[in-house]
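First the structure, in the form of structure tokens, and then the observations on it.
The values are calculated or read from the model by the stated rules, or taken from the named source; none is laboratory data. This structure is a prediction, so every number in the text was calculated from the model and none was measured. Glycine gets a Cβ as well: all are built from the backbone with ideal geometry, and neighbour counts include every protein chain shown. Accessible surface areas use protein heavy atoms only, side chains included; no ligands, DNA or RNA. Shrake-Rupley method; radii C 1.70, N 1.55, O 1.52, S 1.80 Å.
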Amino acid sequence: MPAHFDLLIRNGICVLPWGTEATDVGVRNGRIAALGVGPDATAGQIIYAKGLHVLPGLIDPHVHLRDPGDKAVESIPTGTRAAVLGGLAAVFDMPNTSPSITDSDRLVWKQDYVERESWCDIGLYVGGTKTNIPELAKLELGRGVCGIKIFAGSSTGDLMVEDDENLERVMRSGRRRIAYHSEDEYRLQDRKHLFKSGDPYSRHMEWRDEETAFLGTRRLMALARATGRPAHILHVSTAEELDYLKDFRDLATCEVLVNHLTQVAPDCYDNLKGFGVMNPPIRGPRHLEAAWRAINDGTVDTIGSDHAPHARDKKLLPWPDCPAGLTGVQTLVPVMLNHVNAGRLSLTRMVDLMCAGPARVYGVVGKGRLAAGYDADFTLVDMQRRRRIEQSWIVSPCGWTPFAGMDITGWPTAVVVRGQAVMRDDEVLGKPAGKLVRFVG
Ligand SMILES: [Zn+2]
């Protein structure tokens, strides 16, 4: 009797962990049941993927969906809708909301909420503060928790642990890998007087200079070495840090943002003004080139969007009153596919950075590769499709993207999450049915 599946993906080119193969994928009960399905197999639903690449469901491990917070800017339903339209099957959401996710009551609230409202699967960070350190060991084991997030330097929100004594206490509470925003808060405050309101937006990268980031990372690595606690350095933005982190591969993984691979100073500040201001800042060509070298020599583990929307009127304020943070969850995949087509990295390396990388760094269970038994999460992409990123395509309520006008080759055409098609050809399908991602506890 021919095999029967819930879903079959026919005639696609699959990016498997061991190479790229033209093969069919059979799905049963939300999981990959077979690779290499015979022609006589039947299915409840068939997706014909001729001419398309079938990738494992792509993951953005760094988004700020601002919920609870200001729904006029972003929320779980709108941000995850943007994610699936942009080709993502899962996102990991940051805790610096209003209020922040820093205790078990708020975590339980968010666990329930996201499983009602999310269009894709979702992992949750819990924020570390100076007052919840004793609870972190328990909080990091919560359902759907991808890890503890520490802001060692100030950004949006009120979460911060900046001093060595408390950072060491954090590292000694719990054992999973901790994700850090690494900028040295003391240096930021010491140098603030050098700048004034109304200075050019490019002063952002002078205030938050290379040494601010590098010093933060040196301090964190010294503490991680002393405590043995694994670290993940988010949004590494300098050539110096990328070079330095090579000596800490036993302890530290790292992320680079798509912005730091795509946008460059001073053009970004000249063209985008406040809409080019983010933390850590977009810097000059030396750092862009170093980021690409680190992608291609394997220093970098994950790529994120750091989707961090703010209201348009706030971004129009003069520097430094305009808040730092850019939208990106809907544009991450197209911009990365364009880099693949430009020859800057291979499609397999992109999949490594956006599937296997997050799975390895955060200990994801059952996602991140096309293999039997894994969740049936797929991102289908058309590597030939040409399209321009338009402001009007953005579904985040704040309504803007720093990539507007960029011509892209390579576009996501469908997203499947645990066997259910949630996006096809710019259309979001069904109802929000996202679940919490599972992690090795
Ligand atoms: Zn962030």
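Could you grab me the full set of residues in segment 155-205 that are open to solvent by less than 30 Å² (accessible area, probe 1.4 Å), within 16 Å of the ligand (Cβ to nearest atom) and not in a helix (DSSP H, G or I)?
Leu159, Val161, Ile178, Ala179, Tyr180, His181, Ser182, Glu183
For Val395, are the conditions met, namely being touching a residue at least 12 places away in the same chain (Cβ under 8 Å) and either in a loop (DSSP other than H, G, I, E, B) or open to solvent by 50 Å² or more (accessible area, probe 1.4 Å) (or both)? Reasoning before the result, please.
Working: touching a residue at least 12 places away in the same chain (Cβ under 8 Å): yes; either in a loop (DSSP other than H, G, I, E, B) or open to solvent by 50 Å² or more (accessible area, probe 1.4 Å) (or both): yes.
When the stated conditions are applied, Val395 passes them.
Look at Lys110 and say whether it is open to solvent by 10 Å² or more (accessible area, probe 1.4 Å) and either at pLDDT 95 or above or not in a strand (DSSP E or B) (or both).
No; evaluated as a whole, the condition is false for this residue.
Here are some conditions: (1) more than 13 Å from the chain's Cα centre (by Cα); (2) in a helix (DSSP H, G or I). Gly357 meets all but one. Which one does it not meet?
So Gly357 meets the others, but not (1).
Among the numbered criteria (1) in contact (Cβ under 8 Å) with a residue 60 or more places away in the chain; (2) of a type in the set (A, V, I, L, M, F, W, C); (3) within 14 Å of the ligand (Cβ to nearest atom), which one does Ala265 miss?
(3)
Scan segment 36-67 for residues that are more than 16 Å from the ligand (Cβ to nearest atom) and in contact (Cβ under 8 Å) with a residue 60 or more places away in the chain and jot them down.
Within segment 36-67, the subset more than 16 Å from the ligand (Cβ to nearest atom) is 36-58.
Gln45, Ile47, Ala49, Gly51, Leu52, His53, Val54, Leu55, Pro56, Gly57, Leu58, listed by residue number.
Quick one: count up the residues across segment 137-154 that are part of a loop (DSSP other than H, G, I, E, B) and away from the ligand (no atom under 16 Å from the Cβ).
Qualifying residue count for the region: 5.
If we scan segment 336-344, do we find a residue that is open to solvent by 20 Å² or more (accessible area, probe 1.4 Å), outside any strand (DSSP E or B) and polar (S, T, N, Q)?
Yes - at least one qualifying residue is present in segment 336-344.
Hey, can you tell me all the residues within segment 365-385 that are over 18 Å from Val329 (Cβ atoms) and either in contact with a Phe, Trp or Tyr (Cβ under 8 Å, 6 or more places away or on another chain) or assigned to a loop (DSSP other than H, G, I, E, B) (or both)?
Taking segment 365-385 first, the residues over 18 Å from Val329 (Cβ atoms) are 365-366, 368-376, 378, 380, 382-385.
Answer for segment 365-385, where residues must be over 18 Å from Val329 (Cβ atoms) and either in contact with a Phe, Trp or Tyr (Cβ under 8 Å, 6 or more places away or on another chain) or assigned to a loop (DSSP other than H, G, I, E, B) (or both): Val365, Gly366, Gly368, Arg369, Leu370, Ala371, Ala372, Gly373, Tyr374, Ala376, Asp382, Arg385.
So, in segment 371-392, of the ones that are in contact with a helix residue (DSSP H, G or I) (Cβ under 9 Å, 6 or more places away or on another chain) and among the hydrophobic types (A, V, I, L, M, F, W, C), which residue ends up surrounded by the fewest Cβ atoms within 10 Å (Cβ to Cβ)?
Looking at residues that are in contact with a helix residue (DSSP H, G or I) (Cβ under 9 Å, 6 or more places away or on another chain) and among the hydrophobic types (A, V, I, L, M, F, W, C), I get Met383.
Keeping to segment 407-433, report how many residues are crowded, with 17+ Cβ neighbours inside 10 Å, part of a loop (DSSP other than H, G, I, E, B) and out of contact with any Phe, Trp or Tyr (no Cβ under 6 Å at 6 or more places or on another chain).
The number of residues fulfilling the criteria is 2.
With respect to the numbered conditions (1) closer than 20 Å to His307 by Cβ; (2) surrounded by fewer than 17 Cβ atoms within 10 Å (Cβ to Cβ), which one is the sole condition not fulfilled by Lys138?
Condition not satisfied by Lys138: (1).
Across segment 68-93, what is the total count of residues that are within 15 Å of the ligand (Cβ to nearest atom) and without any contact (Cβ under 8 Å) to a residue 60 or more places away in the chain?
Within segment 68-93, residues that are within 15 Å of the ligand (Cβ to nearest atom) and without any contact (Cβ under 8 Å) to a residue 60 or more places away in the chain number 2.
Restricting to segment 41-94, name every residue that is in a strand (DSSP E or B) and open to solvent by 10 Å² or more (accessible area, probe 1.4 Å).
Thr42, Ala43, Gly44, Gln45, Ile46, Tyr48, His53
Specify the residue that is nearest to the ligand (Cβ to nearest atom); the eligible residues are those in segment 112-126 that are within 19 Å of the chain's Cα centre (by Cα) and more than 12 Å from Gly434 (Cβ to Cβ).
The extreme case among them is Tyr125.
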